[in-house]
Amino acid sequence: MSWLRVNNLPPHWPEGVARHILDRVDSTNAEAFRLAPSLSGPAWIMARRQEAGRGRRGRAWTDPAGNFAATLVMRPTGGAADSARLSFVAALAVHDALHSLCGPSLNLSLKWPNDVLLNGGKLSGILLESSGAGGQVATLAIGIGINLAQAPEATEVEPHALRPVSLAGETGLRIAPDDLLDALAASFDHWQRQMQTYGFEPIRNAWLARAARLGETITARMGTTEATGRFEGIDQTGALILTTPRGRQSIPAADIHFGG
């Protein structure tokens, strides 16, 4: 059983956002839904050790000590499509928070829809989960895992997946999860305010400026079908745009593999 500690907020912490630090938990997303009914506003929930983390499509997320595991839980405005676009806000926030702590020379890029890459390997994954009814999202949990200290072995990930990497393993740099949480919360707040004020376009443009393999050939796998083509960008819904031999395609959900 985990036990909860609410820390004093850092000087530049976003106003109106709570900050919870747990020593141990099964999943920060699961804890987010357990806490949601008692929250008066958005909250970041970070665990020093997460024992049953999960990624997209129910895949396990390995989380050894020293890595980063946190969830932002909120009651978003708008419908499910608006909430889904917050995955791009989260990816930008991770990218920019790491740059703020490690410097601009860190070789980061973004893989659609919301992975963060370091030196071409997977450093971070983001998982959005929600509850609600009638097309409205009552509670949204944005789970973020970052390999700060260690990465899984290549044999622990699915075939053809990008190699997992860690910040320490690739660069020798070490960041405390608490420091990253502070930078991440500030960066997410910045990009979320941009979207609230100006819509998705500035988020789309910023994401494309950081995108991996833009203009190159990639493969999108959707269950039992796949499409290979030139990665042209993303549209106003966040869907992937591919130019294939069959023409231009807009793909709302897929697993992306680099190369032909």
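Do you know which of the residues in region 207-231 that are modelled with pLDDT under 95 and outside any strand (DSSP E or B) is farthest from Phe88 (Cα to Cα)? Filtering region 207-231 for residues that are modelled with pLDDT under 95 and outside any strand (DSSP E or B), the one farthest from Phe88 (Cα to Cα) comes out as Thr224. Output the residue which, of all residues in region 33-50 that are under 24 Å from Gln150 (Cβ atoms) and hydrophobic (A, V, I, L, M, F, W, C), is farthest from the chain's Cα centre (by Cα). That would be Ala47. Of all residues in region 59-106, those satisfying the criterion of being at pLDDT 90 or above, of a type in the set (Val, Ile, Thr) and outside any helix (DSSP H, G or I) are Thr71, Val73.
Between a residue in region 178-198 that is buried (at least 21 other Cβ atoms within 10 Å of the Cβ) and any residue that is charged (D, E, K, R), which pairs come within a Cβ distance under 6 Å, given they are 6 or more apart or on different chains? Note: pairs meeting the criteria are Ser187/Asp96. So, Phe200, is that one at pLDDT below 95 and of a type in the set (Phe, Trp, Tyr) or not? The answer is no for Phe200.
Scanning region 206-233 for residues that are farther than 18 Å from Lys122 by Cβ and touching a helix residue (DSSP H, G or I) at 6+ places or on another chain (Cβ under 6 Å) returns Ala206, Gly233. Of the residues making up region 65-119, those that are of a type in the set (Lys, Arg), out of contact with any Leu (no Cβ under 6 Å at 6 or more places or on another chain) and within 17 Å of Gly145 (Cβ to Cβ) number 0.
Taken together, the criteria exclude Ala133 from residues that are under 27 Å from Leu35 (Cα atoms) and in contact (Cβ under 8 Å) with a residue 40 or more places away in the chain. Take Ala186 and tell me if it is within 17 Å of the chain's Cα centre (by Cα), modelled with pLDDT of 95 or more and not basic (Lys, Arg). Answer is yes for this residue. Say whether the condition of being under 26 Å from Val73 (Cα atoms) and assigned to a helix (DSSP H, G or I) is met by at least one residue in region 158-167. For region 158-167, residues under 26 Å from Val73 (Cα atoms) and assigned to a helix (DSSP H, G or I): present.
For Ser124, the conditions (1) out of contact with any Leu (no Cβ under 8 Å at 6 or more places or on another chain); (2) modelled with pLDDT of 95 or more; (3) surrounded by fewer than 23 Cβ atoms within 10 Å (Cβ to Cβ); (4) among the small types (Gly, Ala, Ser) are fulfilled apart from (3). Counting residues in region 232-240 that are touching a residue at least 60 places away in the same chain (Cβ under 8 Å), surrounded by 20 or more Cβ atoms within 10 Å (Cβ to Cβ), under 16 Å from the mean Cα position of the chain (by Cα) and in a helix (DSSP H, G or I) gives zero.
The values are calculated or read from the model by the stated rules, or taken from the named source; none is laboratory data. What you are looking at is a predicted structure, and each value in this text was computed from that prediction instead of being measured. Counting neighbours? That spans all protein chains shown, and the Cβs are built from the backbone with ideal geometry, glycine included.
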